[in-house]
Amino acid sequence: MSIPLEQIADSLLRANLLSETELELVCSELSSDGNSVTPDRLLGHLADSGRLTEYQRKRVAEGRSGELVLGNYILLSRLGEGGMGEVYKALHRRMKRVVAIKVIRKKLATKDFIERFRKEIHAAARLNHPNAVSAYDADECELGDFLVMEYVEGADLKQIVEKQGPLSVGEAVDAIRQAARALGYAHRHGMVHRDVKPANLMRDLSGCIKVADLGLALVSSDGDEMQETSVDGVGIIAGTIDYMAPEQGIDAAMADGRADIYSLGCTLFYLLTGRVMFESRAPLKRLLAHRSNPPPKLHEAVPQADPELDVVFQRAVAKEADQRFTSMDDLITALDQWEQRRQQPVAQAASEWASTKVVIVEQSRLQAAMITRLLKDFGIHEVLACASGTEALEALALIPTGIVLISLQLPDMSGLLLAERIREGLRWSRVTAIIMTSDAVVPSFQDAVSHLGRVGLIQKPFDSATLADTICKLQRAELDDTLAFNGLASRRVLIVDDSSIARKSIQKTLTELGFVNFTTADDGKPAVELMRQQDFDLVITDYTMPDMNGRDLVAWIRQQSRQKAVPIVLVTTEYEPAKLAEVYQLGVSAICGKSFDMDMVRNIIFRLFV
């Protein structure tokens, strides 16, 4: 039933949403076109002009304007609903300060419940920390008791992960560190949160984390007795099962500050993976898993999380409280030490890579811009963004490039194919190639990347430290490969080239890599006879020879020899991609330039044998 205009006007005035002067002015504006002022036109105009929020417009239209006023506060919008009741965004009528208001649900408002709620308000008011949501005021009205809190412009971390996906390692650790500061402060004031989880960690627009909802806290009284001042709804288990310490699931009164440390560890896992530590539809199974199942390995679930961070994580989520960090300060110290070690590659990169040219192959301009900003942390300013694989190959042909960052999803080819072309390109043997993906890395894909040789893999989102660490590890791989090449001494190599100088050059390079067993031939025909008499582990052949060229030799090996699967490296001066593709169709394992460049050869041998 439509509410009369007079009643709408009266509701606006009684709720102090408009003054009489403002209401008369608005009505005059609406009637100036000769049309009558209706309730819908009036409320629509007020909402469109910003004088009313959409929530206020609906309440007034429904005749429920009285619900918009809570003491000195006017409700602006409904933010959500928790175990106790609803949460609103509101405005203090005199101070014009935007706040959040938590109102007790009426069906819970027993005498005992109200008493406990007021104790919670008293407890929350004791906290004043930049990483904790502040409690401003408390009062009661017709709707019941309510708590006035700081309004955080932003979203909670659960919402962020659900909408944007898991956080980068740096973002997640920074969020945990900020939350730990607030919780450590609360612990020093005798308060334990008991419901630390992503949904209770707010991130404002500046990136500041604020711990919310201290409604499940244990507060120390002046004596030694721990008094429960929380409002847990049903009062059976205080907390959230997926983030609950084992001892808290048995007896909430047993939960001290180390229970919050456990919950922060569980939260870290969620922020990095987008899932809880123990998954099951049955709450009891999840509760029991926290008591008895070993925690997952963080560095196995998240490739960017190194084993050192996993050590911190494992200690935080230890089953026994005595095996965890003794305090939030200890946890913060461990995270700080890990961060210092993690930032070392960034400092090294800043001094070594300033003159490096980087090509980013990414279809999204926004993501390319974000990666460019990360590269500036290293002092790298010569960055070219390409939107496709074809564009990247054209750029690489013209610009001496040190690092190529390749998105897995490209419009004209996969990032894997582009990395393969770069790795096989004769001119790009020294290029560091890294594939970027936001998808889960399955073993088959990891194997495909490994077969390309030294091609890195990094999972989005990532930060500067993770990127620097990935690049450093990839570039250090050349030194680490030395041990892996030790087994090459037993490999038998056949070198086929009509130039004795070329044969000696190839043998010299292979000797430096660890090969010692060589047989040579000056043409394809004697090579065929040698292969009829003995087996080889590797054949290196020139493409152009007088009697039997490399093309025919490869065809004979693949079709007629008894070693049809032997690795074959074809040496050529050809650079045209189309002609190289024809050569690959013959069945060669790799193509190398006539100079037999060490970097290129090392990568080929790594792919074939290591």
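Of everything listed in (1) in a loop (DSSP other than H, G, I, E, B); (2) at pLDDT below 90; (3) of a type in the set (A, V, I, L, M); (4) open to solvent by less than 90 Å² (accessible area, probe 1.4 Å), the single unmet condition for residue 52 is (2).
Being part of a helix (DSSP H, G or I), touching a helix residue (DSSP H, G or I) at 6+ places or on another chain (Cβ under 8 Å), surrounded by fewer than 23 Cβ atoms within 10 Å (Cβ to Cβ) and modelled with pLDDT of 85 or more is the requirement here; does residue 129 meet it?
Answer is no for this residue.
Of the residues making up the stretch 118-131, those that are touching a Leu at 6+ places or on another chain (Cβ under 8 Å) and either hydrophobic (A, V, I, L, M, F, W, C) or under 21 Å from residue 91 (Cβ atoms) (or both) are 121, 123, 124, 127. Comparison of 510, 474, 467 shows that the only residue that is at pLDDT 85 or above, closer than 30 Å to residue 341 by Cβ and either of a type in the set (Asp, Glu) or surrounded by 15 or more Cβ atoms within 10 Å (Cβ to Cβ) (or both) is 467. Please work out if residue 60 is part of a loop (DSSP other than H, G, I, E, B), aliphatic (A, V, I, L, M) and over 39 Å from the mean Cα position of the chain (by Cα). Judged against the criteria, residue 60 is not a match. Of all residues in the stretch 145-160, those satisfying the criterion of being of a type outside the set (S, T, N, Q), open to solvent by 10 Å² or more (accessible area, probe 1.4 Å) and closer than 30 Å to residue 437 by Cα are 154, 155, 156, 158, 160. The residue that is most open to solvent (accessible area, probe 1.4 Å), among those in the stretch 294-305 that are in a helix (DSSP H, G or I) and among the aliphatic types (A, V, I, L, M), is 301. The residues of the stretch 138-174 that are under 23 Å from residue 89 (Cβ atoms) and in a helix (DSSP H, G or I), listed by number, are 157, 158, 159, 160, 161, 162, 163, 164.
When the stretch 550-564 is examined, which residues are found to be open to solvent by 10 Å² or more (accessible area, probe 1.4 Å) and at pLDDT 90 or above? Correct list: 552, 555, 556, 558, 559, 560, 562, 563, 564. Scanning the stretch 415-433 for residues that are within 29 Å of residue 302 (Cβ to Cβ), among the hydrophobic types (A, V, I, L, M, F, W, C), touching a residue at least 12 places away in the same chain (Cβ under 8 Å) and surrounded by fewer than 16 Cβ atoms within 10 Å (Cβ to Cβ) turns up at least one hit. From the list 598, 531, the one residue that fits, being surrounded by 19 or more Cβ atoms within 10 Å (Cβ to Cβ) and over 22 Å from residue 448 (Cα atoms), is 531. Sub-8 Å Cβ pairs linking a first residue in the stretch 546-561 that is under 12 Å from residue 583 (Cα atoms) to a second residue that is open to solvent by 80 Å² or more (accessible area, probe 1.4 Å), at least 6 apart or interchain, are 550/544, ordered by first then second residue.
Of the numbered criteria (1) touching a Leu at 6+ places or on another chain (Cβ under 9 Å); (2) open to solvent by 70 Å² or more (accessible area, probe 1.4 Å); (3) of a type in the set (D, E, K, R), the one residue 308 fails is (1). All of 14, 41 fail the test of being open to solvent by 80 Å² or more (accessible area, probe 1.4 Å), closer than 18 Å to residue 58 by Cβ and either in contact (Cβ under 8 Å) with a residue 12 or more places away in the chain or not polar (S, T, N, Q) (or both), apart from 14.
Number of residues in the stretch 63-84 that are touching a residue at least 40 places away in the same chain (Cβ under 8 Å) and under 38 Å from the mean Cα position of the chain (by Cα): the value is 3. Scanning the stretch 175-191 for residues that are outside any helix (DSSP H, G or I) and either at pLDDT 95 or above or open to solvent by less than 50 Å² (accessible area, probe 1.4 Å) (or both) turns up 190, 191. Might you check whether a residue that is within 21 Å of residue 468 (Cα to Cα) and in contact with a helix residue (DSSP H, G or I) (Cβ under 7 Å, 6 or more places away or on another chain) occurs anywhere in the stretch 309-325? Scanning the stretch 309-325 turns up at least one residue that is within 21 Å of residue 468 (Cα to Cα) and in contact with a helix residue (DSSP H, G or I) (Cβ under 7 Å, 6 or more places away or on another chain).
Only residues that are in contact with an Asp or Glu (Cβ under 8 Å, 6 or more places away or on another chain) and closer than 20 Å to residue 125 by Cα were counted in the stretch 187-205, giving 9. Scanning the stretch 243-290 for residues that are surrounded by 15 or more Cβ atoms within 10 Å (Cβ to Cβ) and among the acidic types (Asp, Glu) yields a count of 3.
Does residue 97 fit the bill of being at pLDDT 90 or above and open to solvent by 70 Å² or more (accessible area, probe 1.4 Å)? Here the answer is yes, as residue 97 does meet what is asked.
Answer yes if at least one residue in the stretch 102-120 is in a strand (DSSP E or B) and either modelled with pLDDT of 80 or more or of a type in the set (Asp, Glu) (or both), and no otherwise. There is at least one residue in the stretch 102-120 that is in a strand (DSSP E or B) and either modelled with pLDDT of 80 or more or of a type in the set (Asp, Glu) (or both). The condition (being crowded, with 20+ Cβ neighbours inside 10 Å and at pLDDT below 90) is satisfied by just one residue among 462, 445: 462.
Contact annotation: residue pairs with Cβ atoms under 6 Å, 6 or more positions apart or on different chains, pairing a residue in the stretch 340-368 that is part of a helix (DSSP H, G or I) with a partner that is modelled with pLDDT of 85 or more and open to solvent by 30 Å² or more (accessible area, probe 1.4 Å), are 368/385. Report yes if some residue within the stretch 42-53 is in contact with a strand residue (DSSP E or B) (Cβ under 9 Å, 6 or more places away or on another chain) and over 19 Å from residue 139 (Cβ atoms); otherwise report no. The answer is yes; a qualifying residue exists.
Could you count how many residues in the stretch 266-293 are in a helix (DSSP H, G or I) and within 11 Å of residue 198 (Cα to Cα)?
Filtering the stretch 266-293 down to residues in a helix (DSSP H, G or I) leaves 266-273, 283-292.
Among the residues that remain, those that are also within 11 Å of residue 198 (Cα to Cα) are: 266-271.
Residues that pass the stated criteria total 6.
Of the residues making up the stretch 265-291, those that are in contact (Cβ under 8 Å) with a residue 12 or more places away in the chain and over 22 Å from residue 200 (Cβ atoms) number 1.
The values are calculated or read from the model by the stated rules, or taken from the named source; none is laboratory data. Since the structure is predicted, the reported quantities are computational estimates derived from the model, not experimental observations. Note that each Cβ is placed from the backbone with ideal geometry, even for glycine, and that neighbours are counted across all protein chains shown. Ligands, DNA and RNA are excluded from the accessible area calculation, which covers all protein heavy atoms including side chains. Shrake-Rupley method; radii C 1.70, N 1.55, O 1.52, S 1.80 Å.
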